[in-house]
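The values are calculated or read from the model by the stated rules, or taken from the named source; none is laboratory data. All values reported here derive from a predicted model rather than from experimental measurement. Positions of Cβ are backbone-derived with ideal geometry, glycine not excepted, and every protein chain shown enters the neighbour counts. Calculation scope for accessible area: heavy atoms of the full protein, side chains included, ligands and nucleic acids excluded. Shrake-Rupley method; radii C 1.70, N 1.55, O 1.52, S 1.80 Å.
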Amino acid sequence: MEGIRGQQAPAELLNQAEQQSGSQAAQTRLQAADILARRGDTAQALQVAASIDAAALPDEPRVQWALLLSQLGLEQQDGRSVLKATELLDENTALSRDAELTLRQRRGLALGMAGDPQAAASTLIALQAEQPPFDLNDAIWRQLTRLRGSGLEAIAQQSPLARDWVDLLRLQRRYDSDIARLFVMLDDWRARNPNHPAARRLPADLQALRELRGQDVRRIAVFLPESGPLANVAAALRKGIETRLMNALNQGEQTPQLTFYDTRSATIETLYAQATLAGAQVVLGPLNKDTVTQLEQRSSVPLPTLALNYGTSPENRADDLFQYGLSAEDEARQAARRATLDGYRRAGLLVPDNAWGQRVAESFRQAWQAEGGTVAAQVNYNPEGSVANAVRPLTTRQLDMLFLLALPPFARQVPPTLDYFDAGELPIYATSHLYEGEPQPRLDHDLDGVQFVEIPWLIPDAAVGGAEALPYYSSYQALYDTSDPALLKLQAMGVDAFELARRVPLLKAAPDIEYLGATGALHAGDDGRLERVLPWAQFSAGIPQPPLRGIQQTMPGPTEPTGEVSETAGGNAQPTP
C-alpha cells in the first residue's frame, strides 16, 4: 500500500526493514519514523526512532536521526531519548552549525527533564554565550530557579554571563515579596547589564510579576484550631508562620498583618465573614481535611484561600482555593518519575496494608504506568509483622526496582532481608518516611544505597550543599535547635505556608512559577493543589548524602513476560492479569 504523495506507508517500510540488515535496515526505519512524525503520530515515531541502530547509519542520516529523535523526545517528555540522541555531540560526526546548536539546546532541556538543573543551566548558558538563533532566557531561568547554595555558586563561576544570571536570580529571591521594590532593583540591574539577554527581555516568569504591582497582600486571616486532635499540628505550623514573619520584619521586608482565628470556635462560614469584615485579603487554612473537602466542592470561596491540607475529592472545583500539605502521594509520584529516568521499567511495591498505604501505592502506580512502566509485584505488609514474610514474595519476581513506603523500624530491615534472599542489588526508592530527620549512622547503616526524598531543611547537605544555603536560613536557625525533626518538618511547612499565602496573587496570575521553599520546590497544579518536588538523598555510611547524578547509561535487559503479583504479607501471592 502506498502512503500519501506516493510515499510508502510506515508499516510497509517497517516490514521491509525486517528483511534488511545493517545500514539499509536502519535507514529504512529512519524513513518510517520521519513519515510517522510528519503525520503527527509522535508516540509511534519515537518508538521507531529509538529502536534504530544509530551506529549502523552513515554520517548524514545519523545527524537526521539525532535531530528527529531529540525533537520527538522533547515532544513526548522523554528526556532519556533526547540525551541518547545528543550523544552525537561527543563523537566525531560532522555537524552543521545549526544542527550542533539545536542538539546542544535539546541536551540542556533534557538534562532539566532528567532532574539535573545544574548541568542543564550550565549547558544552556554556555550555548547562549555563542548567540544561537533562538531565545533561551525562559529555559535558563527555569533551571536556575531550582538551584541554591554550591550548585548556584558553581554556575556563577562559569562565566561573566552566568554570574549576571545568578545575580538576577538572587535579586528576585531577595525582593519577590515586595513587587514594587523588586522592579526598582530590576531596573537598576538592567541599567548595569544593558547587553545581557535578560536585560533585553526578562524571563516570562519575571515579566508576570509586573502585573502584580499594587496587589501586595497586607492582611492574612489564619484559620487554625486551638484545641482538639489537630491542636499540636496547628501549634507547630503557627510557630513556623510566626518565626518567618519575625525574620522577615527583622530583615526589613514589607510583611502582612496576621490575625489568627480558632476554627473550633465557629463555623467556617462565620470565620470567613469575620475575616472579610476585618479586611483580610487572603485566608491561610483551614487544616481539617474534611473542611477542605467541603470547600473544594463549592464553585468558589469567599476569600482567596490557601488551605493547609488536601481534600479527598477527585478534583478541586472551587475558584480561588489553593491547597498545600506534606503529601506522601507527591513523593510517590516523584519516585516513579525518578526511577523511570534511571532506566527502570518493572517495579515492585512494598507498602503498608492500610488505607494510607493503598493511597500512596495507587499514586505511584498511576505515575509509573503513565511513564510506560509495569508494576510486576505489590506486597501489602503488616507493619507489626515479619519483614521476611513481606520481602520474600518480591524476590521471586523479575523486578528492576523497589518502591518502599515504610517507617524507620521496618524500613531498616528491608535491605538486609533482600540481601539474605540474594536480592541485595535491587535498587530501592523510598519516601521520606523511612528517615527520622537527623543523621543516625549506627541505626541507618543498613539503609546504605537506598534513595529517598526529603524536605531540604532535614537534609541540608544532600539538598543544597550545607545548611547556610537553605531557603529561609534565619528561620531554620531559629527553629532547628529547639525542635525535634518531626516538629521541624511541620514548622518548615508553616514557613512555606506564610510565604505562599502572601504570594497568592502570584499563584493566581502565574501558577507555573516554581517557589523554592523549606519543604521543596512548589508550584500550583491545574486545579489549585500545590505539588511538591523534593531533593533526593542516598544513604552512605548511614548518613544521607547527595545521590549519584544523571541517568543510568544502560537500559535494563529484557525480561520474561510475567503476570503482576499483588499480595498481603502472610498470604499467597496471586498473579493478576
Largest-first principal axis extents of the Cα set of the chain (Å): 78, 68, 47
Peptides 400-408, 354-362 ordered by average Cβ neighbours within 10 Å, highest first: 400-408, 354-362
Percent accessible area from carbon and sulfur atoms, the range 325-475, protein chains only, probe 1.4 Å: 46
Span from the the range 321-380 Cα centroid across to the the range 167-241 one, whole angstrom: 32
FRET efficiency for Asn195 and Glu60, using Cβ-Cβ distance with R0 set to 30 Å, rounded to 0.05: 0.20
Backbone N within the range 196-235 under 19 Å of label point (7 Å from Asp135 Cα along the Cβ vector): 196-212
Amide H within-cut-off set for Gln378, under 5 Å, with H built and near neighbours excluded: Leu349, Val565, Ser566, Glu567
Inter-probe distance in nm under a simple model that places probes 7 Å from Cα toward Cβ, at Ser299 and Asp481: 5.5
The range 173-295, accessible surface, carbon-and-sulfur percent (1.4 angstrom probe): 48
For the range 408-414, Karplus couplings with θ = phi - 60° (6.51, -1.76, 1.60), whole Hz, Gly/Pro x: x, x, 7, 4, 4, 8, 5
Under 23 Å from the Cα of Lys489 - lysines, other chains or at least 8 residues apart: Lys239, Lys289
Solvent-accessible area per residue, Å², over the chain with all protein chains present [probe radius 1.4 Å]: 44
The range 291-415: Rg to Rh, with Rh as the Kirkwood radius over Cα pairs: 1.07
Extension gain from Arg219 to His523, taking 0.36 nm per residue of separation minus the Cα-Cα distance: 107.2 nm
Accessible area of the range 87-133 belonging to carbon and sulfur atoms, whole % at 1.4 Å probe: 41
Summed side-chain charge close to Arg142 - residues other than Arg142 whose Cβ falls under 11 Å, Lys, Arg +1, Asp, Glu -1: -3
Within the chain, helix-based [θ] at 222 nm, where runs of 4 or more DSSP H residues each add -39,500 (n - 2.57), nearest 500: -14000 deg cm²/dmol
